[in-house]
Amino acid sequence: MRQQVAAIQDAMAREVKAAGTTVQLDELRRKYLGRKGMVARLFDELSRLEPDERRESGRLLNELKARCEEMISRRRAEIEREETRQALSRETIDVTMPGRRPPLGRKHPISRVFDELKEIFLRMGFEAVDGPEVELDYYNFEALNIPHNHPARDIQDTFYVTDEVLLRTHTSPVQIRTMEGRRPPIRVIVPGRAYRSDATDASHSPVFHQLEGLAVDRGVRFSDLRGTLALWAKEFFGPDTKVRFRPHYFPFTEPSAEVDVTCVMCGGHGCRLCKMTGWLEVMGAGMVHPRVLENVGYDPRELSGFAFGMGVDRLVMLKYGVSDIRLLLENDMRFLKSI
Amino acid sequence: MRVPYSWLKEYVEFDESPGEIANILTMTGTKVESVESDDGGEAVLDLEITPNRPDCLSVIGIAREIAAALGRPLKFVPVAAEGKGAATRELVSVEIQDPELAPRYIARVIRNVKVGPSPLWMQKRLKACGIRPICNVVDITNYVMLECGQPLHAFDYDKIRGHKIIVRRAKPGEQIVTLDGETRALDRDILVIADEDTPVAIAGVMGGLDTEVTWDTSTVLLESANFSGSSIWRTSKRLKLRTEASLRFDKGLDPELAVLGQSMACELFSRLGVGEVASGWVDVYPRPEAPRMFVLDPGRVNRLLGVQLTPGDMAALLERLQIPAKVGRDGTIAVEVPGFRRDLSIEADFVEEIARLYGYERVAATTLEGPLPERIEAPFAPIETSSREIMLRLGLDEVVTSSLVGPWAFDLINLPAESPLKCAVKIANPLAEDESMLRTTLIPSIVAVLRRNSDRDVPNVRCFEIGRVYIPVEGGRQPEERRILAGGLMGNLPEATWGVERRKIDFFDAKGIIEAYLDEVGVEDYYFERFTHPSLHPGRAALIWSRHGEGPPRELGFLGELSPEVSKNCGFPSRVYVFELDLGTIASLASPRKVALEPPRFPAVARDIAMVVPLDVSYRHVEDAIRDAAGELLEDVTLFDEYTGPQVPEGHHSLAFRMVLRAREKTLTDEEANRVWEAVAERVTRDCKATVRR
Ligand SMILES: [Zn+2]
C-alpha cells in the first residue's frame, strides 16, 4: 500500500507539473481524486486489509488525498496567475502614444492680468468699480483739472462723438464719478477700457486697457502711495522688484510721478528692453489735485488722496514677453494658447 | 526738446558726464529721453518737457534745473543792450488793441543790417537743436529763443506800412500768406500783428511772407511780445499749425521774458556786427503783473508727503530753484513766486517742488491707515466674473476684441440697410473708416476672430468674449453700454485625436453650452424658439427666453448657424455657430444661491419609451407632454436617440427617451412604474400625434 501511495503521488506530481491549463488540471483531479479516481480505488481496497494495517493505510491515503488536493490547487493558482499575466500582456498598449485632452478654456491674457491686479489691490482694501466708456467731456477732462483750450489736452489725442461727448481717454473719469457718489474713506480700483486716437503701431493701439486706483481719506500721504505701489510691484512682478518714482506732470495730480519698476528682463542691469536703463516705466501716479477734490465737493484742507493709473496692455506685454500690442486684440488662437 | 550739453555748461559749472546729467534731470522731473550726439560728435540731450513747464523750453531753463538739482549757482547775468543813435520810439509805434490776448509787446529796430549767413558756431547749435539755419537775422531770433525761451520775430521794417504795429483780432474775411507759403483765412478768434492796413503775422504762431526778412532787408523790426497762452493754443489748433513759437506761447510765458529776449538778441546783433541797434525800445505793457506771494504751512507739507522736513530745509530747497522763500517767526514760509514759474499757484505745487528736489526716492514707503471703506462693487462685475469662469470651464477660450468697428462689421454679417444694429455711436474724428464707430453687437467681432483663425489654418475654434456694446439712446448724450457674452464655434469635436470618432460641431453643441451656462449661472425656465436673423441660417437659429419670475418672458439672446452667404464670404470651411447673450438681463434673472440636495434614499426605476413623431411636432412639445403626464415620480427624462431613415415614415422621426422614476419615501414597484409609462404613452399618442413602440 505504502508503495502504491508513493507511486501515485509521484505520478501525480509529474502530471500536475506538466499540466498547462486549468482544464487539464480538472482532468487530473478527476483521474486521481474523482469518485472513481485512483485514490478512491485505493480507499476501496482498505476494506480488504487487516484492521491494524487498515488504520495505518487509511492515514496514508488521507494524507495522499490532502497532498494531491494541495498540489492541484497550488498549480491552479500558478496557472491562473500565468493566464492572467498572458491576458494582460495581450492588452499591453504603447504608453508613448498621445493622450486625448479634454478642451481647456483659456482666459485671455488681458483678463488674467486684470484678475491678478484686482486680487492684489483687493487684499489692500481696494474694490473694483467701473463707469461708462463713452464719457462726457466734463468727467474726462474738466473735472480732472484739464480745462478747455489748455495744452494739457494735447497730451491725450481724443476721439470725439460730439463736442461734449467723447471716448474716455483714461479710466480716470471714474475717479470723479466715484467721489461724487460717496464720502471718504474711498479705496477703489477701476479696471477698464480707454481710447486714444494714436496711430497704431507695435506699442500703441487706439483701444487699450487701464487700471486706475484711488484712495481718499483724512491724512492720505504721498508716502502711502509709495508704499502701496512698492507692495504692488513685488506682488505683481516678484519679490525682488523695486519701484522708482520720477517727478512728472499730470493735470489731475500734484505732486505727480511717473513710476518705474526694475526691468523684468535684466533685473536692473540694463538690456535692450529697458534701453540700458534697468528701469521700465509702468504708470503715472500722484496726490489727487486739490482742484479735483474741490470739483467733487471735497475740502482739500480736510481730505487728501492718491491716484495711479497703469497701462494693462503694457503689463501683459512685460509679463508674457509680447513684443507687439496688436497681438492682444488679434486673438490668433495659437498666440492665446501659447501663454 | 534738444539741448547741446556744452551750451548748458555756459550757465552752470559741472563736471558730470552727459549721462549723469541726464539721470539727474530725469530724477528731478525733467525727463531725458535719450542722449544723442550731433554731427560733430557733441552730446545733445533730448528732453521731454511737460506742458506745465514752458520755462524749461530753453537752455537757461534746463540749466536752472541742473543748478537746482546740483545745488550750484546759475551763472546768468542779464544783458542790457541799450543801442545807440536814433531812438526806436521815433522809428516805430505800437498799439495793443486787445491786452487780454496780448499783454505785452516790445519792438526794437536794427538798422544798416547786413543780411548774410550766421557764424558757424551758431549754425552748429541751431542744427543740434533741430532748427535749420536761414540767415543771420533769423538765426539770431531762433538762437535767442532756444537760449532763453522767448520767441522773437524779425520783420522787414521797410515793408511795415506806416511803421506801425497794431496787435488786434483779425477781421472777418482777412487773410494772410504765412512764411510757409500757405494762404490762411483769418477770423475774430485769431490774434494778428498788423500794420496800418493788413495783418503781417499771426501772433505767436507764424510771420507773414510779405514782411519776411530777405537778403535785401536793410532795417529789421524785432518783435519780442507776450501773448495769452489759450489764445495761441486755440489758433494753432484751428490752423493746424504748430511752430517753435506757438508751442512756447501756448503754455503761457512770463511777460518779463520779453524784455530779456529782445536784449539778448540786440546784444548779438551788435556783437556779431549784423546791424546797428537803435537806442531804447518801445514797450507796450498796459497792465503789468504784480508779484505773487504765497504762504506755505510746513506742517501741511510734511503731512501730505509723509516726511519730516524743517521749515528751513523747505525754504532752502525752494531757494535752489530760484524761488525766494523766507521762514517767518510763526514758522510759515513766505514765498515769492518768480515770473518764470507761472505753473506754481497752489500749495500742492510747492509741495511738489520741495518733494522733487528733496528726492521722491527719499520719501518712505508707508501703508494706508484708517478704516476700510464700505463695500461697493461695480454692478456688473459679479455676472462678468461668473460668466467668464463658466465659459472657461465649458472649454471655450476667451478672446478680447476692439470695440471700434466700421461699416465692414455690418457687411461681414450681411445686415440689411434697415437693421437697427446699424444705428451706432459714430466717432467724429476717426483715424480710419474701419474704426469709425462703436459696436452694437459682438457677432462681427467674433466672426472676424473665427475668420482670421480660419484664414491662418486654425480650423477648430471655440471662443467667447465678454464685452460692451454701445446702443444710442434717444435724446441721451451717452449711449447705453450693455454687457454682452458672445461666442463662436467651428471645426471638429474633439479637435484632432485618434481612436475616437470625430465629427463637426453642430447647433446642439452650441445650444448645450448655452444650456449648461444658464443652468450654472442660475437662470431657470429658459427655452429656445426658432426665429430668423439676417446673419443666420433661416432654419437653424433660435431666440433664447426665460419665463423666470414675474411678468412676461424675457429675451436673453440668440444662437444660430451663420447663414451660408456669411459663411461663404468669410471662406469658412465648415459650419459656424455663434451666440450672443445679454448679461444685464441674465444678471437680473440669475439666482446663483442654491440649496444642497441630499442623495435620494430609495432606488430609481428606469423606463425607456420610444415613439415615432411627425417632424412638425416640436421636440419641446413632446418633452413637455412627457413631463406633465409622468408627474411627480419623474425625476428626469433624457433623449437618448433620434432617428430618421427607412424604418420611419416620411415626415416623421423616431425619438427614444429614458425616464428615471423615483418616489421620495419608498421603493417604486414595477406596476407603479408601468402605470407612469402607460400614462406617458397615452398622452403623447393623444397630444403629440406619436406612435409609441410597445
Ligand atoms: Zn532691462
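Look at the alpha carbon pairs under 8 Å that are at least 6 residues apart: their mean separation over the length of chain A gives a relative contact order of 14 percent. Placing unit charges on the Cβ atoms of the charged side chains and taking the dipole of the protein assembly as shown about its Cα centre, the candidate lying farthest along the positive direction among B:138, B:661, A:325 is B:661. Taking the accessible area of segment B:292-361, probe 1.4 Å, and keeping the other protein chains in place, the carbon and sulfur fraction comes to 52%.
Does segment B:537-694 come out rounded, prolate or oblate, given a ≥ b ≥ c as the square roots of the eigenvalues of its C-alpha gyration tensor, rounded meaning a/c under 1.5 and, failing that, prolate meaning a/b above b/c? Cα axes put segment B:537-694 in the oblate bin.
Think of a 1.4 Å ball rolled over the protein heavy atoms: segment A:201-339 then has 36 Å² of accessible area per residue. Only protein chains counted, 1.4 angstrom probe. Which residues of segment B:6-32 are at least 30 Å² less accessible in the assembly than when their chain is isolated? Buried by the other chains: B:26, B:27, B:29, B:31.
Considering only B:638, B:522, B:149, the residue lying farthest towards the positive end of the dipole of chain B is B:149, judged by Cα position with unit charges set on Cβ. The interface between chain A and chain B buries about 7600 Å² of solvent-accessible area in total (1.4 Å probe, ligands and nucleic acids excluded). Using a/c under 1.5 as the rounded threshold, could you call chain A rounded, prolate or oblate? The axes a ≥ b ≥ c are square roots of the C-alpha gyration tensor eigenvalues, and prolate needs a/b larger than b/c, oblate otherwise. Taking the square roots of the gyration eigenvalues as a ≥ b ≥ c, chain A is prolate.
If R₀ is 35 angstrom, what is the calculated FRET efficiency for the pair residue B:48 and residue B:336, using the beta carbon separation as r and rounding to 0.05? So, using R0 = 35 Å, E works out to roughly 0.75. For segment A:1-91, the fraction of 1.4 Å probe accessible surface lying on carbon and sulfur atoms is 48 percent.
A protection proxy built from the mean count of other Cβ atoms within 10 Å ranks the segments B:669-681, B:349-361, most packed first, as B:349-361, B:669-681.
At a 1.4 Å probe, which residues in segment B:339-375 are at least 50 Å² less accessible with all protein chains present than in their chain isolated? At a threshold of 50 Å² (probe 1.4 Å), the residues of segment B:339-375 that become less exposed are B:346, B:352, B:360, B:361, B:366, B:368, B:373. For segment B:212-257, applying the loop criterion from DSSP together with a ceiling of 13 other beta carbons within 10 Å to the chymotrypsin sites (Phe, Trp or Tyr not before Pro) yields B:215. Surface exposure of segment B:292-361, expressed per residue as accessible area with a 1.4 Å probe, stands at 43 Å². For segment A:109-338, the number of Lys pairs separated by eight or more positions or lying on different chains, with C-alpha atoms closer than 21 Å, is 9. Gyration tensor analysis over the Cα atoms of segment B:65-158 returns equivalent ellipsoid semi-axes of 27, 21, 15 Å (largest first, whole Å). The residues of segment B:605-693 present an accessible area of 58 Å² per residue when probed at 1.4 Å with all protein chains retained.
Determine which residues of segment B:624-645 fall in the zone a paramagnetic label at residue B:606 would reach in this model, i.e. backbone nitrogen under 13 Å from the point 7 Å along Cα→Cβ. B:636-641, by backbone N distance to the label point. With K and R counted +1 and D and E -1, the other residues having a Cβ less than 9 Å from that of residue B:127 yield a net charge of +1. Per residue of B:473-482, other chain Cβ atoms within 10 Å of the residue Cβ number 3 on average. Summing Cβ point charges (Lys, Arg +1; Asp, Glu -1) relative to the Cα centre of the protein assembly as shown gives a dipole of roughly 2780 debye. Do any of B:75/B:240; A:107/B:31; B:124/B:240; B:127/B:240 go past 27 Å between their Cα atoms, and which? Pairs exceeding the cut-off: B:75/B:240; A:107/B:31; B:124/B:240. Of the residues B:684, B:588, A:225, the one whose Cα sits farthest toward the positive end of the charge dipole of the protein assembly as shown, with +1 on the Cβ of Lys and Arg and -1 on the Cβ of Asp and Glu, is B:684. Shape of segment A:195-339 from the C-alpha gyration tensor: prolate (a/c of 1.5 or more and a/b above b/c, with a ≥ b ≥ c the square roots of its eigenvalues).
Taking amide hydrogens as placed 1.01 Å from N in the peptide plane, the amide H of residue B:652 sits under 5 Å from those of B:615, each at least 5 positions away in sequence or on another chain. Taken about its Cα centre, segment B:181-272 carries a charge dipole of roughly 580 debye when the Cβ of each Lys and Arg holds +1 and the Cβ of each Asp and Glu holds -1. Considering only protein heavy atoms and a probe of 1.4 Å, how much of the accessible area of segment B:605-693 is carbon and sulfur, as a whole percent? Answer for segment B:605-693: carbon and sulfur cover 48 percent of the accessible area.
The values are calculated or read from the model by the stated rules, or taken from the named source; none is laboratory data. Source: prediction; values computed, not measured. Glycine gets a Cβ as well: all are built from the backbone with ideal geometry, and neighbour counts include every protein chain shown. Please note that ligands, DNA and RNA were not included when accessible areas were found on the heavy atoms of the full protein model with its side chains. Shrake-Rupley method; radii C 1.70, N 1.55, O 1.52, S 1.80 Å.
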